[in-house]
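Okay, so here's the structure we're looking at.
The values are calculated or read from the model by the stated rules, or taken from the named source; none is laboratory data. Source: prediction; values computed, not measured. Neighbour counts are summed over all protein chains in view; Cβ atoms, including those assigned to glycine, are modelled from backbone coordinates with ideal geometry.
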Amino acid sequence: MARNAVSDDADDADDASVAQTRLATTVRSLSRTQYRGLFLGALVVLAAIPHLAGSYITQVTFSIFMFTGLAYGWNFLSGFTGYINFGYAGFVGFGAYLTVLTIVDLGFPWPLALVTAMVVTAVVGTTLSIPMLRLRGAYFAIAMLAAATGARLFFSSSYMRPITRGGSGISFFPELDLTGQYYLIVTITLCLIYLTYRIANSPFGLRLLAIRDDETLAASLGVKTVREKIIGMAIHTAVAGLIGGVLAFNISYIDPTSVFNIQYTEFPIVMVLFGGLGTVFGPLLGGIIFVVLYELLWSAFPQAYQFFFGVAIIAIILFMPEGIIEYLKENDYLPRWRSI
């Protein structure tokens, strides 16, 4: 009987290995036309959601893409270079305020307000971050967290009250309804996925990964580490400012507590860790799993969902420390392509 059990285990292992090989082979064998067909099919499904599903499903899907977009923005710097930014919410809040103030006080049309928020957040955020990029490890992470906390307090202070309305906040009615916001955030996130794909397969992406692996060695080999980190920070902050503006559209009310919320740092970090640092589809996969799991636990265990969610996060970090994408690659479920 023991021999039969061993034989059965061996057969199961062989079957699993064959399944893994088949999946990897299938992924490799798909032609560009087939990939385009899958992509177009996914676009059709996404386009149909606001018309076929209710407002709740549309809002949940909006949240998935909004947080996934933030995860891609966080991944551009922290995932590729290893410079973990615990103050990402500061840039999100700054972009939200810029968007609302330019619409309410200056009369900007919403597209111009979003572009303004993206550009100004990138310029201001990168300029303020240049000294901090000379720090490494925990020092950089703590410095960015302190900066985000300082921004929240500054925007709620009496000095800024004439502009930001302080703790009273600003209510406004965006021109985009939920359907328009949904299509906007889906478009932005798809563009970020494509940008990540291009960076991951470019010399610039390789230089960022070299900084993450060993910055001192990368500098000795001729990589201009400060310049590359500044470029990564510019993209990182631009995405935060842009999606911060879309967030303001969705909640229709902003105050320092709502838009500088720590969840806009925590959620993208967890999503990227779920999916895999510096990968193309890791933030997308991590974002979908994260938001769906969060909604299911919240609806099933309203009093204890945070506990179960924390347990789920710990389990994933323990068993898949490099993320789902890298786990699938290491176990031959996916080919070891940088474009994945």
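Can you find even one residue in the range 119-142 that is surrounded by fewer than 15 Cβ atoms within 10 Å (Cβ to Cβ) and closer than 17 Å to residue 247 by Cβ? No, that holds for no residue. Of the residues contained in the range 230-248, none is found to be touching a Lys or Arg at 6+ places or on another chain (Cβ under 7 Å) and either closer than 29 Å to residue 131 by Cβ or surrounded by fewer than 22 Cβ atoms within 10 Å (Cβ to Cβ) (or both). Screening the range 210-311 for helices (runs of 4 or more DSSP H) wholly inside it with 3 or more residues that are in contact with an Asp or Glu (Cβ under 6 Å, 6 or more places away or on another chain) and at pLDDT 85 or above returns no ranges.
Just to be sure, is residue 132 more than 19 Å from residue 163 (Cβ to Cβ), at pLDDT 90 or above, under 22 Å from the mean Cα position of the chain (by Cα) and of a type outside the set (Gly, Ala, Ser)?
Values: more than 19 Å from residue 163 (Cβ to Cβ): yes; at pLDDT 90 or above: no; under 22 Å from the mean Cα position of the chain (by Cα): yes; of a type outside the set (Gly, Ala, Ser): yes.
Judged against the criteria, residue 132 is not a match.
This table checks each residue for (1) touching a Pro at 6+ places or on another chain (Cβ under 7 Å); (2) among the β-branched types (Val, Ile, Thr).
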site: 216; (1), (2): no, yes
site: 224; (1), (2): no, no
site: 228; (1), (2): no, no
site: 236; (1), (2): no, no
site: 239; (1), (2): no, yes
site: 244; (1), (2): no, no
site: 249; (1), (2): yes, no
site: 272; (1), (2): yes, yes
site: 275; (1), (2): yes, no
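Considering every residue within the range 81-93, establish whether at least one is farther than 27 Å from residue 209 by Cβ and in contact (Cβ under 8 Å) with a residue 24 or more places away in the chain.
Taking the range 81-93 and keeping what is farther than 27 Å from residue 209 by Cβ, we get 93.
Imposing the further condition that a residue be in contact (Cβ under 8 Å) with a residue 24 or more places away in the chain reduces the set to 93.
Scanning the range 81-93, I find at least one residue that is farther than 27 Å from residue 209 by Cβ and in contact (Cβ under 8 Å) with a residue 24 or more places away in the chain, so the answer is yes.
Only a single criterion out of (1) over 30 Å from residue 42 (Cα atoms); (2) of a type in the set (A, V, I, L, M); (3) modelled with pLDDT of 90 or more is not satisfied by residue 112, namely (1). Listed by first and then second residue, the pairs with beta-carbon distance under 6 Å, at least 6 apart or on different chains, first residue in the range 266-287 and closer than 23 Å to residue 207 by Cα, second in a helix (DSSP H, G or I) and acidic (Asp, Glu), are 276/326.
Taking the range 132-162, which residues are within 30 Å of residue 211 (Cα to Cα) and either in contact with a strand residue (DSSP E or B) (Cβ under 6 Å, 6 or more places away or on another chain) or not in a helix (DSSP H, G or I) (or both)? Passing the criteria: 135, 136.
Annotation: of all residues in the range 259-307 being of a type in the set (Ser, Thr, Tyr) and over 26 Å from residue 93 (Cβ atoms), the one that is surrounded by the fewest Cβ atoms within 10 Å (Cβ to Cβ) is 299. Restricting 97, 72 to those that are closer than 20 Å to residue 286 by Cβ, at pLDDT 90 or above, part of a helix (DSSP H, G or I) and among the hydroxyl-bearing types (Ser, Thr, Tyr) reduces the list to 72.
Apart from one condition, residue 256 fits all of (1) surrounded by 18 or more Cβ atoms within 10 Å (Cβ to Cβ); (2) of a type outside the set (Lys, Arg); (3) under 30 Å from residue 213 (Cα atoms); the exception is (3). Just the residues that are in contact with a strand residue (DSSP E or B) (Cβ under 8 Å, 6 or more places away or on another chain) and hydroxyl-bearing (Ser, Thr, Tyr), please, taken from the range 163-176. Matches in the range 163-176: 164, 171.
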